[in-house]
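A.B. asks: Can you keep this structure in mind? I'll have questions shortly.
The values are calculated or read from the model by the stated rules, or taken from the named source; none is laboratory data. Here the structure is a predicted model, which is why all the values come from computation and not from measurement. Don't worry about glycine lacking a Cβ; one is built from the backbone with ideal geometry, like all the others, and counts go over all protein chains shown.
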Amino acid sequence: MSDRLQALKEFLRDAGLGPAARLGRATASGTRQAGAAFGRARLRLLLLGVLVAAGYGIWTHPPGQVVKRGEVLVRTSLLTGAVREFHEGSVLSLPGLHTVRCFSMRDQVYRPEDSVSASGEAPFQSVEGLSLGVDLAVRYAIDPRRITQMSKDLPDDIPGEVVQPAVQGVIYKLLARYTVREIFSSKRAEIQQAIEGELRPRLMAAGLLLRGVEMGKVDLPQDYRNGMDRLLAEELETEKMRYTLELKDKQVRQTELEGEASKVRRQKAAEAAAQEQVIAARAQEESMKHVLPFKQKQIEQRRLEAEAEKVARIRAAEGAAEARRIEAGGEADSRQKLADAEVYRLEHVGQYTSNQMEREGALITRYPLLIEKTLADKLSDKIQVIIAPPPREGGFIGATLLGAKGGTTAGTRTQTRAGTQGEE
């Protein structure tokens, strides 16, 4: 804020408000002394014209500039020659009193488009005198510490009037020291560092800072490219032949080594086999010392096992015979007991049967109709049994049921008498 107030103060001083005030006081004094109405009218017309002219000038040339981010505005007073630097914000600038220049503080890139192709308008030259194109990118920026000092000297077209001559003066001279092969492949980094080393002081003298130089694609002449392709093919063929011969030599060496290794392996295998046979014979000799007593012990063990098996078989046979004798005695005893049990059963069954028949005979004697009922029950379960008194003197058994009332009464009396006798 203090910078803005100081700039406004300087503007008011430069605008000449002091001389205008003195002129107004002198004019007022003259008018008072003259006291003429014509003088006052002229003064009014003059002031009105001044105001109209000032308004038109402000309308056509606004007294202000806007500084964007990343830019620096340098204002120069035409009255005093004072130079001030302003950054992002609004700056007061009066036409006819100030001149302003706006500079970008961001990094900028310059590319020599005419020198990109070998067939372009301004190709580079190698030490052999061949034309070639190099895609160069020179990144630079304005030195913020010297911008106030160099604002008067820097041209409007900085890339075309400052950077381009410096770049061409350095690169043409530098690339003429190297061959095409060195520029294309082997010394690219060295050339890039040499360009930066010579270009930096030139740009610094002009108030610019060199950020870096990048070398991109290198465009070679078509004839040279074809020759390089043929040479490269021959070199590749030579390298291929050399590697083939080395491979064959290594294969021969490998075959020799494999033969030597196979020979050593066979010798070692034969020695190992002989050693194994010797060790096996010694081991067999040592084992026989232990095998013979072991065999004798096996024979003795088998003889003892045979005798034990014989004794076991004899004892098993004796046990089986004794078991059969015990089984025969037990079977005879069981049969005797079964026969006794059957006799006892038959005696009791006969006695029970006779008693049952005696009871049934007494029951039939007392109730003779049970025979007919029993016969009817055994014949069919669908026959309805009707108990009726016996007929009189050998008559029809159903006469009492089909007869008259007298018959029914006689039957009832007979049944009652039979029931009374049964109760007695």
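A.B. asks: Among the residues in the range 101-116, are any modelled with pLDDT of 80 or more, touching a Gly at 6+ places or on another chain (Cβ under 6 Å) and more than 25 Å from ILE142 (Cβ to Cβ)?
C.D. replies: yes
A.B. asks: Regarding the range 113-122, can at least one residue be identified that is of a type outside the set (Ser, Thr, Tyr) and farther than 23 Å from ASP223 by Cβ?
C.D. replies: Yes, the range 113-122 contains a residue that is of a type outside the set (Ser, Thr, Tyr) and farther than 23 Å from ASP223 by Cβ.
Quick grid of which residues meet (1) more than 47 Å from the chain's Cα centre (by Cα); (2) not in a helix (DSSP H, G or I):
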| residue | (1), (2) |
| --- | --- |
| LEU203 | yes, no |
| GLU214 | no, yes |
| ARG230 | yes, no |
| LEU247 | no, no |
| VAL252 | yes, no |
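A.B. asks: Those residues that are closer than 30 Å to PHE103 by Cβ and surrounded by 19 or more Cβ atoms within 10 Å (Cβ to Cβ), I need them from the range 201-228; list them, please.
C.D. replies: LEU203, ALA206, GLY207, LEU208, LEU210, VAL213 - these are the residues of the range 201-228 that are closer than 30 Å to PHE103 by Cβ and surrounded by 19 or more Cβ atoms within 10 Å (Cβ to Cβ).
A.B. asks: Please specify each residue of the range 145-173 satisfying the condition of being exposed (fewer than 14 other Cβ atoms within 10 Å of the Cβ), in a loop (DSSP other than H, G, I, E, B) and not basic (Lys, Arg).
C.D. replies: Those that are exposed (fewer than 14 other Cβ atoms within 10 Å of the Cβ), in a loop (DSSP other than H, G, I, E, B) and not basic (Lys, Arg): ASP153, PRO155, ASP156, ASP157.
A.B. asks: For the range 361-378, give me the residue count where each residue is surrounded by fewer than 11 Cβ atoms within 10 Å (Cβ to Cβ) and of a type in the set (Ser, Thr, Tyr).
C.D. replies: 1
Here is a yes/no grid of residues against (1) small (Gly, Ala, Ser); (2) modelled with pLDDT of 70 or more:
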| residue | (1), (2) |
| --- | --- |
| LEU47 | no, yes |
| GLY55 | yes, no |
| PHE86 | no, yes |
| LEU97 | no, no |
| PRO123 | no, yes |
| GLU128 | no, yes |
| LEU132 | no, yes |
| VAL138 | no, yes |
| ILE147 | no, yes |
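A.B. asks: Here's a follow-up. Looking at the range 190-198, is at least one residue without any contact (Cβ under 8 Å) to a residue 12 or more places away in the chain and more than 30 Å from SER104 (Cα to Cα)?
C.D. replies: The answer is yes, given that some residue of the range 190-198 is without any contact (Cβ under 8 Å) to a residue 12 or more places away in the chain and more than 30 Å from SER104 (Cα to Cα).
A.B. asks: Right, something else. Here's a check for you: in the range 178-201, which residue that is assigned to a helix (DSSP H, G or I) and charged (D, E, K, R) is nearest to VAL134 (Cα to Cα)?
C.D. replies: ARG188
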